[in-house]
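A short worksheet on the structure shown next.
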Amino acid sequence: MPAPATAKFMTLERFIDEQEHKLPNATGEFSGLLHDLSLAAKLVWREVSKAGLVNILGATDRMNVSGDVVKKLDEFADETIYRAMDHGGHVCVMASEENEDILHIPDEYAAGKYVLLYDPLDGSSNIDANITIGSIFSVFKRVTTGEKGTLQDCLQPGHRQVAAGYIIYGSSTIFVYSTGRGVHGFTLDPSVGEFLLSHENIRIPQRGRIYSLNEGNFGNWSAGMQKYVTWLKEEDKATGRPYSQRYIGTMVGDTHRTLLYGGLFAYPGDRKNPEGKLRLMYECNPVSFIVEQAGGRAINGEKRILDIVPTSLHEHTPVFLGSADDVTICEEFLRGKR
Ligand code: AFP
């Protein structure tokens, strides 16, 4: 069936520019940053899509057939995102899940007014099994005025994010982002190398029927958490139980499904790891920004993820996010109200 005459192809680039034109005082710096991120996403996707070919093409431990040093994919993604972002003049400092300290912009390049935090390859232990992985990013405005960006610029609570998003490398590659005015998804058409608008203004269902967590940790959870998951599995037609369980083990993948189908994704703290496994700055903040923008909720059990004031770059936090009603029910169990 031919597309309706009114249908238009909206590329990510064009969408970003059109959004910018709606803001009277926009300088283009922020759009430039997003353009650079979309290039980084394509470069990482290109390498990710070749992951299974490395052995066939004759890689050794250190060198591939053409004599290039073969890097682990997560190191490659880390460096690629840094190099795509370091010279645009939009960013004054970066931080990545792969690096202990903040990443400065080289002296020869101009520093901009934004701060970028990123997880270059989320779910990297899934790579060899050809399971969905992703990249996540979080953008703040800088708060210091010196020549270089500092740790202080990075350590801001999530509600101050001016943009956040992720790229999911799955059965297709999708770039999902928000600048605080809804959540939009763009699917990569590899034949033309463009992200095309495929999911405009994503809204998460008010309530879902799927829960997503690593239930292997059940024995170490709090009594409230155990009671909640047991409750989800009980039969009760009126409340749509039992819920189905789905767990990819890549936060981006599990969140993306939760965004589209509804339900709850969680990585609680437990007896062994009271703060859970996931990182506030690189995973929980950006994903929570997206979920809230889509009409959902994201909490650490006590408060909004976006209200946590970070004290270190790599801190962890428990997280419960997804459909607003599901998060609220989970919260009631965690607080002993049910
Ligand atoms: P990896 O990057 O080591 O694969 O970890 C992925 C992750 O940080 C996040 O994306 C998942 O939600 C979570 O860890 C899975 O953790 P478990 O393996 O403990 O379930």
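Put simply, of I248, I290, I329, I305 the only residue that is over 18 Å from F137 (Cα atoms) and either within 16 Å of the ligand (Cβ to nearest atom) or under 14 Å from the mean Cα position of the chain (by Cα) (or both) is I248.
Cβ separations smaller than 8 Å between residues 6+ apart or across chains give the following pairs from region 254-274 residues that are under 16 Å from G216 (Cβ atoms) to residues that are open to solvent by 20 Å² or more (accessible area, probe 1.4 Å) and basic (K, R): D254/R246; Y267/K277. Counting only residues that are of a type in the set (V, I, T) and open to solvent by 30 Å² or more (accessible area, probe 1.4 Å), region 228-270 holds 3 of them. A single entry from G89, G52, G58, G67 fulfils the requirement of being in a loop (DSSP other than H, G, I, E, B) and at pLDDT 60 or above: G89. Given the conditions (1) modelled with pLDDT under 95; (2) in a helix (DSSP H, G or I), which single one is not true for K272? K272 satisfies every listed condition except (2). When M225 is tested against (1) within 16 Å of the ligand (Cβ to nearest atom); (2) surrounded by fewer than 24 Cβ atoms within 10 Å (Cβ to Cβ); (3) closer than 30 Å to V162 by Cβ, just one condition goes unmet, and that condition is (3). T144 satisfies every condition listed in (1) open to solvent by 40 Å² or more (accessible area, probe 1.4 Å); (2) among the polar types (S, T, N, Q); (3) in contact with a Cys (Cβ under 9 Å, 6 or more places away or on another chain) except (1). Selection of region 175-210 for residues being within 16 Å of the ligand (Cβ to nearest atom) and touching a residue at least 60 places away in the same chain (Cβ under 8 Å) yields only V176.
Only strands (runs of 3 or more DSSP E) whose full extent lies in region 154-210 are considered here, and the ones with at least 2 residues that are open to solvent by less than 10 Å² (accessible area, probe 1.4 Å) are 163-169, 173-178, 183-189. Inside region 96-140, residues that are surrounded by 15 or more Cβ atoms within 10 Å (Cβ to Cβ), charged (D, E, K, R) and more than 16 Å from the ligand (Cβ to nearest atom) make up a count of 1.
Cβ-Cβ contacts under 6 Å between residues 6 or more apart (or on different chains), taken from a first residue in region 134-152 that is under 25 Å from A77 (Cβ atoms) and in contact (Cβ under 8 Å) with a residue 60 or more places away in the chain to a second residue that is aromatic (F, W, Y) and buried (at least 21 other Cβ atoms within 10 Å of the Cβ), are listed as G134/Y166; I136/Y166; F137/Y118; V139/Y114.
The values are calculated or read from the model by the stated rules, or taken from the named source; none is laboratory data. The structure displayed is predicted, hence computed values, not measured ones. In this analysis, Cβ positions are derived from the backbone assuming ideal geometry, glycine residues included, and neighbour counts consider all displayed protein chains. Side chains included, ligands, DNA and RNA excluded: accessible areas come from the protein's heavy atoms. Shrake-Rupley method; radii C 1.70, N 1.55, O 1.52, S 1.80 Å.
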